[in-house]
Every structure is written in structure tokens, then in C-alpha cells.
Amino acid sequence: MSDVGSQQDVDIDLGGLFRAIWQRRARVLLATVGAAALAFGAAKMVAPAYESETRVLIESREPEYSGPNEASQTSSDRIFDEFGIASQVQVLRSADLIKQVARNMKLHELEEFDPSAHPSAVSDLLVMLGLKKNPLELPPEERILKEFNTKLQVYQIEKSRVIAIAFTSKDPKLAAAIPNEMAKGYLSLQSGAKLDSNSEASRWLEPEIGNLREKVREAEAKVAAYRAESGLLPTGETENFATRQLTDISTELARVRGERANAAARAEGVRAALADGRPVETLTDIVGSPMIQRLKENQATLQAQIADLSTALLDGHPRLKGLKSQLEGIREQIRAETRKILSSLENEAKVGQLREQQLLQQLNALKAQSAQAGEEEVGLRALQREATAQRQLLETYLARYREATSRTVANATPADARVISNAVVPTLASFPKVVPITIVAALASFLITCVVIMLGELFSGRALRPVSGSGRMPETAGPAAPLVSQEVPAPVAVPEDEHAREEPEPRIAAEHDFSIESVAGHLLDNDIRVAVSVSPGGNEGSTATVMLARLLAEEEHKVVLIDLSGSACPTRLMAQSLHLPGITNLLSGEVAFTETIHADRFSEAHIIPQGGADPHAAMRGIERLQMIIDALTSAYDLVLVECGAAHAASVAKVARREEIEIIISAPSVSEERIIEELTSFGEAGYRDIVLMTGGGEGSPDLRDCRAA
């Protein structure tokens, strides 16, 4: 971009850049081959290094003789989470383990692990000049440890409980032996730690168990003494003597009461039968009496004899009289025996009553004793709880002691890890990879050389070409390119004749297609996200903007139109009602964001109507408009803002100047007015302006708002 009179827009000539590279292909090829050769030679000169790896699985391991409950408890106690595995990685990198491996394998005898012991002349010179610390000041063990750590890699395999131990060395056999030795030392260290833990537990439990045994004996002795002093002799698991005796007497009292009531009821039945003159032979107590049964038998015999003699003798015969006299005597005996049975039942009821009174006296006495025993049992239960707690603790300690003692022997507690992959002697060097290094060096050299050539072409200006038609619309613009898209010049002082020469320019532009369809095609082709429509002619331009939004919606483009016009023409054309909440309500903070978005009546487009809030109050929140537009761009393909007959200064408040497309919707507007609008927006700094003058042939007259 430059001033209008002297410079013009330029573009990068990509074809020129590639031609420049092709012209210098020999130089590019030479640099690529040279870099590849240097990389190949350097890789061949580097001493090869070999890497091998051992893998260890971290898991809970218990001896086979452990019980099922013991094993489940132990495995649940040892849960190796992410932090547990990370801790084991640090154990494998610990200095003590590395020093142990170094001593076992005598690494101090190898020059590879102590290169500082034989410093070079350059190293000695740097030490003399004070530019480097003398490495021999460190102990040999520390130097070996430092070199060992540079060659060692310990890491957790992703999403697993496997730890990899990788080691790099110039000797392939040593590269395999060291990881295996580290895994062996780690397993020994873990097993030894568990043995030490069990031994310490056994030593601690022995005196504790002795103390607990004495405490249990004392607690149980206190329980026995208290029971004897209080007379709380046990008769079961939950009862004492007083409680048991009270229960027995209560049971006996219930039985005696039942018997007394039964005897009284039986006596009352016999008494009622005698008083009413009813036969008593049906009563159970009368029928069951042996005496009554014999008398009944004699009565039946006499009645049979009287019946036999009555057929041959008269009633006054002495024999019949004698038999009848005997029959009456038997009946009297039966009545007398019945009264005896009644007296017996009454006596039985009285005895039951006396027994009941005695049992009640005993029960009351035992209740008092039981209440006193209940109070004494409170103290007894406290002593029993103490004794039970001490015994349970003793049993727990004894179980732990037996478990710890059984695991103090060798190989009784395996480490919570096992080797699943031993390191093997590598056959291929891990570094340097000659072929990949050579390829990467050649590719990097090729790219750098090409970039240098292109930068040289760009800085020299040979790869830049001017953009044609920067001052006016191209005459070859088709119907899909209505964009004025011009850099509108700032006003300069020119003679009147120059203005006269520039006036035909809008007339030439007017011959091109500035229809609504062409503007819609331009917005779709260039993926415009925010467009501001200015309608110098008033409602005619606003109506054209509504038609543009509906046309884009027909193309399955998600469009929302914000009505910022003073006449509310888009609201009348698209909204269901003029009283819907809109942009003024949103800027005033009266409604939520989603309540202001409404569907168009005749298309898939959406509209944010003008709203019914006070315009002056809404203007105080105009700075929120840019945030509203930014939010809408995340949900819609195009945000179309209709500003009506607004000026460039007013449009500047709507959206950022560098991100919007200005549409001059000017159907039936004179060319002079269009040129005036273009000039005003150019002065305001807007670069991309689209002119929309209405539809093509057969388009409706836009002077009527209802034409949309």
C-alpha cells in the first residue's frame, strides 16, 4: 500500500520464486550434497553407542502359603497407583543402588565411566585459565555416579505398571549387563526392605504381647472378683442367677394362676348345675369320678330290675318298693358325691390362690434383688468390655506376630516386582543413525538454500509484481464480482477539470452488475463474516438488505441481521411483531442475549429487531455492540448489520474497521450521492466497499418496503 499518485499495490510472484530456485539448481544441489557428505562423514567418525533395556513389572507378590484372607488383605493394602510407580522409578535412580551396581561390576576400572581421570590438553588448559572446574576435585565415586546417570534412563511405560531400565554404552555386552544387574539389585533391595520390616515388627510385638497377656489376666481377674462380690453368678451367656430366678418364678406364677382359674371355673360350673337342678352327669369332673361311675352302674342295674318286675308285679308289691327305695338311696349317694367333688374343686381353687399369693411375695422380693443386680451389672459389663478389648488386641498381636515371624526366613517375602524382560546384547548401534542423519542434513540444507534464494529475490524486488486495476473496478468484472473493493483515495486538492475527468468513472461502474444476487455471490465466495450495510436512500436500501439476507439464507447460509436503522424497516419486514425485544433492549441490559434473536417470517434467516428500549439509554452501552457481533460470528456464517442512512463516523462505532465489509445499499440513488458516500468512507479509512444498487431485470421496485 502506498500513496495514490506515486505507488501501487504489489503482489508476490510465486512463479518467479520457483524460477529463481531452478536457475540456481546447481548451487542448491551442491549445497545439499555437501551437507549430506559432511553429515555422513561426521556420523561415521562418532564412536557407536549401544543401548539395551530391562523391563520390571511392579505388582504385589505374596508367598504361596499365605492364607486367602491374608493374601486379599495384603494385596488390597498395596495398591500401586501412578504416584507409587513414580516412587519406584526414583528408587531405581537412587544413588545407593547405582553405587552398589558400580561396585559389583567394578565400573571404576573402566575409562568409559571416568573420562575425567585422563583429561585432554584442552581440558587442562581450560582448568588453568579458570574457565572450567577441575573434575579431579570430585571423588572417583561421584564422577562415576555422574557419568552413570548420563547413560541411564529409567521411565514408566505409558498406561502400565511396567518400568523400563535402559542403559547406553560403547560396549554392547556392558549395555545389556548393567540393566540386568540394576534389576537384580532392585529386587534384592525390595526383598531386604520387607525382611527388615518383618523383623522389626517381630521385635516390637514380643514385649507388647507379654504386656497384653498380663493386662488380659488382670482384667479377667477383676471381672471374676466383682462377680463374686456382687453375687452375679452366671447362669448363661446373657443371664445371671437373680435374673434367671426371677424368670422362673414369673413362669411358675403364670402357671399357678392358670390352674387356680381353671379350678374356680370348674367349681362354679358344678355349683350352677346343682342350683339349677340340671343333671350333673354331663360335667367332666362328675363323669370322671370313679365313685360316680360305680353308682351310675348300680343305678342302671336297679332300674333294669324294676322295669322287669313291673311287668309281673303291681306297684305296691314289697319287692318293687324295696328296689325303688334302693334306687332313691343311690341317687342320694350320687348327689352327696357331687357335693364332695364341688368341695374338692373349691379347695383346689383356694390352694391355688394361696400359692399365687406366696409366689407374688417372692416375685416382689426378687424384683428388688434384680434391680440391685442390674445396677451392679453396669460395672460388671464395663470390666467385661475392658477384658474383651484387651483379649481381642492380644489375639490380633499374636496373629501379626506369627505372620511376621513366618516371613523372617530367607525367600519368604519376595519383592513386589519381577523382571518380565531381560536386557539382551544389542547388535545395532543406537547412535549415530548414519542414514537418517544424512537424509535430515540433506533435506535441511536443501530447504535452507531455497529459503535463502527466495529471500534474496524478495528483498531485491524481482519477485514482486504490481496489482492491476487498483484505482477502479475491473471492466471484466462478471456478475459474481460486484465488489468495489477499492482503496478509496483520501481527498486531495485537484483542479476542477480533474474532477470533471473523474466523474465518468461511476458511470462506467454503473454499467456493471451490482445486483443483490451478485453481492450475495461475493459474500459467499470471499467467506465474509461481518458486513455493515449503509442505506443512503433510506427504506429502499434497508429493503434491499433484507432481500440480501433472505437470498443468503436460501443458499443455506446462516445469516443474522441486526436492525440499527432509525426507521426499523427490517424489523417490520422480518419480525413477527414490532414489539419484540431487540438490540436496544440488549444494549440497555434489559433482556438476555438469546431473547433478542428471532426467526424471519419468510426465510431461514434470523433477525435482531430494533427493540423498544430508550435509544439514548441504548447508546450508552454502544461499546458492548462489538462484543455482541463477535459472539454472533461464532454461531452464524454472516452477521449483517443494517445501519440505515448512517455516516462513516457512526459506522465506526459498530465494528472494527479492519474486519468488516461495507455495503452501500443504494437503489434509486444518484451517482453523485454514491460517489459522495464512497468518498466519505474512504476518508474514514475503510478499504473494502461493496456497492449494491438493487436487482437485475424484473426485480421489484424497492421504493416500497413491502416489495421484499
Among the stretch 152-181, those whose backbone N falls under 14 Å of a label point 7 Å along Cα→Cβ from Glu82 are 156-161
For Lys324, list the lysines whose Cα falls under 30 Å from its own Cα; do not include residues on the same chain fewer than 8 positions away. Lys296, Lys340
Between Leu428 and Ser250, what is 0.36 nm times their sequence separation minus the Cα-Cα distance? Round to one decimal in nm. 54.3 nm
For the stretch 607-623, take each phi angle, set θ = phi - 60°, evaluate the Karplus expression 6.51 cos²θ - 1.76 cosθ + 1.60, and give the result in whole Hz per residue in order, putting x for glycine and proline. 9, 9, x, 5, x, x, 7, 5, x, 5, 5, 5, 5, 5, x, 5, 5
Can you give me the distance in nm between label points at Leu274 and Met45, each placed 7 Å from the Cα along the Cα-to-Cβ direction? 14.5 nm
The stretch 509-591 - Rg over Rh from alpha carbon coordinates, Kirkwood radius: 1.00
Listed residue pairs exceeding 18 Å between alpha carbons, taken from Lys173/Lys433; Lys146/Lys433; Lys106/Lys184: Lys173/Lys433; Lys146/Lys433
Between Glu604 and Val452, what's the calculated FRET efficiency when r is the beta-carbon distance and R0 is 45 Å? Round to 0.05. 0.25
Between Thr405 and Arg213, Cβ-based FRET efficiency (R0 22 Å, step 0.05) works out to 0.85
Once both labels are modelled 7 Å past Cα along the beta-carbon direction, what's the Thr594-Ser670 spacing in nm? 5.1 nm
Over the stretch 570-660, what is the relative contact order in whole percent, taking alpha-carbon pairs under 8 Å and six or more residues apart? 26 percent
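The numbers here are math on the coordinates, done by the rules we state, and not lab data. In this text, all values refer to a predicted model and were calculated from it rather than measured experimentally. Note: ideal-geometry Cβ built from the backbone for every residue, glycine included; neighbour counts use all protein chains shown.
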